[in-house]
Amino acid sequence: KTVIEKVEAVREIRKHYSEDILEVLKEIIKSSVFYGIGVEVSNTIGAFKDDSDWTKTKNAYDTLKACLEDDVFSTLPPQVKQSIVSNIGRFQMEESIPKIKSILENSDESYFVRSSAATSLALSSIKSKSKEKKLETINILKNLVNTSNSFRQVIAAGAINGLMEFYNDSDPNIVLDIGTFLIDRTTTNTNNNFYIQIAAINAIRKFVRTKNHLDKRNIIDLNQCVFNRLIELLDVKSLDNSRWQVKIRAATSLVDSDALSSIPDDKTFRTMNTLISAVQYDVNGFVQKSIERSLYVLRDHLKKWIDNPPTIEFKRQVDTIEKEEQKIAMEPIELTQSEKATEEKILKSIRTLNLP
């Protein structure tokens, strides 16, 4: 009956979904249990999200949504509130937006709860079919980045994490706008707090190789600009940067799963050379260890490609010529009137031979 045993029990329940279990979990949250257990219960409900089972997903979402009701939510510890808000964002339900906005705008809530609300607001908006609603959310989050003032800028960081979620939006203008906004926040100027810079460096990893709109020149340029910015932050020429956390975030972002190409290319090898140079010349032990880890990630990524290289088909020009000649030989030939008359005479002569 210790806290540890209760936490382990809640985690085990993730393997045994039922509507009755959801009801029990909701009552546990309402009962004002120790916040550590409440957080685990909320995470377990969130874990019931199942893309292949809409009923299961909807029931889990409705359970979390019930925990957002004012008479319940207001009595919960901040840690549990934060967990509920974070998990409800995972469901990406547009109907969550009004309640999440009210939590975000409530200055009485803790900074960390509002930070999670900022991220969840974005997650709840990304599947909206209304461009106006998306732009409204984006403007709210941008404004938080520019104007909010909280402990270690946690609210602004939550807003940046939310903006990052639009990295594969169907509208290329939204992707370009947010990517450009985040790149600007990676610089150290009078408008940028150090913690905002750290959050932005972490977020732009999703814009190194966006999967959509690769036929758009401005998106390709954005991807390259993001990549160049991360490389610049690790360049040995700029190692006088005393903010070692900046270099750690840049090294991690360069080897993010979304930043690495399935086929090694120029960016892959530039990343490798930059990381090797940085680990050789940077004297900060934390930076060295972080870059070493990034190099291990890159090595494993390359090893997977080497062990299972793609099948490459070579197409010889002579093969193409031969196929074209065969095609021409198989095409029906149009005969002139005189040619048709000659052909008929030949066929008539052949028929008189009584050949089988």
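The values are calculated or read from the model by the stated rules, or taken from the named source; none is laboratory data. Nothing here was measured: the structure is a model prediction, and the numbers come from that model. Glycine also receives a Cβ, built like all others from the backbone with ideal geometry; neighbour counts cover every protein chain displayed. Areas reflect the complete protein model, heavy atoms only, side chains present, ligands, DNA and RNA absent. Shrake-Rupley method; radii C 1.70, N 1.55, O 1.52, S 1.80 Å.
Quick notes on this structure:
- Options 95, 5, 40; residue that is within 30 Å of residue 136 (Cβ to Cβ), of a type in the set (Asp, Glu) and either in a helix (DSSP H, G or I) or open to solvent by 40 Å² or more (accessible area, probe 1.4 Å) (or both): 95
- Sole residue being of a type outside the set (D, E, K, R), closer than 23 Å to residue 184 by Cβ, at pLDDT 90 or above and surrounded by 13 or more Cβ atoms within 10 Å (Cβ to Cβ), chosen from 255, 226: 226
- The set of residues in segment 133-145 that are within 23 Å of residue 93 (Cα to Cα) and open to solvent by less than 60 Å² (accessible area, probe 1.4 Å) comprises 134, 137, 138, 140, 141, 142, 144.
- Criterion violated by residue 103 - all others in (1) in contact (Cβ under 8 Å) with a residue 40 or more places away in the chain; (2) over 24 Å from residue 229 (Cα atoms) satisfied: (1)
- Among the residues of segment 212-222, at least one is more than 29 Å from residue 308 (Cα to Cα) and open to solvent by less than 50 Å² (accessible area, probe 1.4 Å).
- Residue match in segment 111-123 (condition: over 23 Å from the mean Cα position of the chain (by Cα) and at pLDDT 95 or above): yes
- The residue list 84, 100, 29 contains one member that is more than 24 Å from residue 133 (Cα to Cα) and either part of a helix (DSSP H, G or I) or at pLDDT 95 or above (or both), which is 29.
- Any chance residue 72 is among the β-branched types (Val, Ile, Thr), within 30 Å of residue 145 (Cβ to Cβ) and part of a helix (DSSP H, G or I): no
- If the condition is being closer than 30 Å to residue 215 by Cα, open to solvent by less than 20 Å² (accessible area, probe 1.4 Å) and in a helix (DSSP H, G or I), then segment 146-173 contributes 159, 160, 162, 163, 164.
- When residue 183 is tested against (1) assigned to a helix (DSSP H, G or I); (2) over 19 Å from residue 205 (Cβ atoms), only condition (2) is not met.
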